[in-house]
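Please read the structure below before turning to the comments.
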Amino acid sequence: MSANDPSNKSSDYLQMAPYWKMVSDISGGVRTMREAGIQYLPKFPAEDADSYKRRRENARMTNVFSDVVENLARRPFQKPVMLTDTTSSELVEFAEDVNGQGDNLHTFTAKLFQQALIDGLTWLMVDYTRLTSNRSLSDAQAKISSVRPLWVHYLASEAYGVYTDRIDGLEQFVEARFYERSIERNGFEENAVERMRVFRRPKSEDGVYGPAQWMVYRKKEARMNAQKKTEWEVEEGPYDLGIENIPLIGIVFGNRKGNTWAVTPPMRDAAYLQIELYQQENGLKNVRTQTAFPMLAANGMSPKIGPDGAPMPIQAGPNVVLYGGESEGGGGNWNYIEPSATSLQFLREDVRDTIREIRELGRQPLTVQSGNLTVITTAVAAKKGNTAVQAWVGILTHDLENAFKITAQWMQIRNPRVGVAIYTDFDLGIGDDESFKYVLQLATGDNPLLSPQATLSEAQRR
């Protein structure tokens, strides 16, 4: 590790990396789980390499974790993410394509929400296209030159180092390093290019931070003494960013540990249970295989020896008759060795119980007064909802409004007005129809407390 290597990973990153790798593999499905090998599917002590390879290549996986995450992530986006009527018209126009790739505010926000739910945090950079360094372009010139703000979504696993410091009494970003990988074409050939994009606020000798700067490093491989050596060379920068602060927003749904960027992800326990389920399902599959194809045992019989001095193979199956071989002790018998039906039933129940536990963990964030809320989340929840999901919506709403304010700085909009509205009046249960009977009780009787219209509205909402 070199002090001049921009790809060095922070201690926060190294602490979280195993979890991010695990949930990424789970999201990739059975293929990535199989490729991970013994990391998720341990090898038996006496199992040879070929046997383990066959077991790994035929491993199965019911991805309950991804199903639970998608169910939670869909709730706030049953209706479009909207900007309030008082929002500045320039920002409303920007919201139609926030990343320069055609994603509107609703689509982009849904991706942020789901990734923050999986990883515990995700990053939103409010960047600016750098086709020109002239920041005094008119609106018409900017449109012609395609110079515009861009929202860039970085995964938690792409943020190799993020650091903050207390400036003017507030926590502000002073350095952020992001890994990027792209494909460059050379004729009909494709080459993968790796870069590190670095944002930094230089610090003077008297401890004062200057305006934000950015630069890009490109990975370069060279050979020295027949050994491959990796170096990073400056491709762009350093250049002034154009605004005072690093325009970065950390969207945190997990419990942040102190002032670090290591978090306790809200879906952590469900992810670990998914690994347990993966192992249980493959244990059950192995036992079922042994039941369907039991081993044949010869008791009190000596094997027939072939010309090479080794025992001759025995045929087994329909229309095959087996005769007892010669032995010094007299006759013998054939029988099959197979697991009992009780073992199969036990393993099946074990799998079902784990699936139920994962789904129960997925139901908790939809439960009022969920116990896994941070202090900040709880404060937001008191204002905008009573469940963890509604609190996360409140956090994301606040972060998006800050992103629009930074966008307004790039667009040189004075006194920008912005308000983001994300749907929170979704059904809090997962298939919970039982509670509707209490609504009906309030709407019936001699002195109903709910009007027919209110009851119908609640039924339609559910």
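Any residue at all in segment 311-320 that's modelled with pLDDT under 95, more than 26 Å from residue 54 (Cα to Cα) and out of contact with any His (no Cβ under 6 Å at 6 or more places or on another chain)?
Within segment 311-320, one or more residues are modelled with pLDDT under 95, more than 26 Å from residue 54 (Cα to Cα) and out of contact with any His (no Cβ under 6 Å at 6 or more places or on another chain).
Being in contact (Cβ under 8 Å) with a residue 24 or more places away in the chain, of a type in the set (A, V, I, L, M) and crowded, with 19+ Cβ neighbours inside 10 Å is the requirement here; does residue 17 meet it?
Here the answer is no, as residue 17 does not meet what is asked.
Of all the residues that make up segment 25-49, how many are touching a helix residue (DSSP H, G or I) at 6+ places or on another chain (Cβ under 9 Å), among the hydrophobic types (A, V, I, L, M, F, W, C), open to solvent by less than 90 Å² (accessible area, probe 1.4 Å) and in a helix (DSSP H, G or I)?
Residues in segment 25-49 being touching a helix residue (DSSP H, G or I) at 6+ places or on another chain (Cβ under 9 Å), among the hydrophobic types (A, V, I, L, M, F, W, C), open to solvent by less than 90 Å² (accessible area, probe 1.4 Å) and in a helix (DSSP H, G or I): 3 in total.
Restricting to segment 74-105, what's the tally of residues that are open to solvent by less than 10 Å² (accessible area, probe 1.4 Å), outside any loop (DSSP other than H, G, I, E, B) and touching a Lys or Arg at 6+ places or on another chain (Cβ under 9 Å)?
1
May I ask you to say which residue of 168, 127 is under 25 Å from residue 415 (Cβ atoms), among the acidic types (Asp, Glu), open to solvent by less than 30 Å² (accessible area, probe 1.4 Å) and modelled with pLDDT under 95?
Sole residue among the options that is under 25 Å from residue 415 (Cβ atoms), among the acidic types (Asp, Glu), open to solvent by less than 30 Å² (accessible area, probe 1.4 Å) and modelled with pLDDT under 95: 127.
Given the condition without any contact (Cβ under 8 Å) to a residue 24 or more places away in the chain and either under 20 Å from residue 118 (Cβ atoms) or assigned to a helix (DSSP H, G or I) (or both), answer yes or no: does some residue in segment 217-237 qualify?
There is no residue in segment 217-237 that is without any contact (Cβ under 8 Å) to a residue 24 or more places away in the chain and either under 20 Å from residue 118 (Cβ atoms) or assigned to a helix (DSSP H, G or I) (or both).
Is there any pair with a first residue in segment 435-457 that is free of Cβ contacts under 8 Å to residues at least 24 places away in the same chain and part of a helix (DSSP H, G or I) and a second that is open to solvent by 80 Å² or more (accessible area, probe 1.4 Å) and of a type in the set (S, T, N, Q) whose Cβ atoms are under 7 Å apart and which are 6 or more apart or on different chains, and what are they?
So the pair list comes out empty.
Let me confirm something: among 221, 205, 231, 244, which residue is in contact with a Pro (Cβ under 6 Å, 6 or more places away or on another chain) and loosely packed, with under 15 Cβ neighbours inside 10 Å?
Just one listed residue meets the conditions, 244.
Restricting to segment 256-268, name every residue that is open to solvent by 20 Å² or more (accessible area, probe 1.4 Å) and either at pLDDT below 90 or outside any strand (DSSP E or B) (or both).
The answer is 257, 258, 259, 260, 261, 266, 268.
Can you name the residue in segment 288-301 that is out of contact with any strand residue (DSSP E or B) (no Cβ under 7 Å at 6 or more places or on another chain) and open to solvent by 60 Å² or more (accessible area, probe 1.4 Å) and, of all such residues, is modelled with the lowest pLDDT?
292
The values are calculated or read from the model by the stated rules, or taken from the named source; none is laboratory data. Because the structure is predicted, anything quoted here is derived from the model rather than measured. Cβ: placed from backbone, ideal geometry, glycine included. Neighbour counts: every protein chain shown. Surface areas here come from the heavy atoms of the whole protein model, side chains and all, with no ligands, DNA or RNA. Shrake-Rupley method; radii C 1.70, N 1.55, O 1.52, S 1.80 Å.
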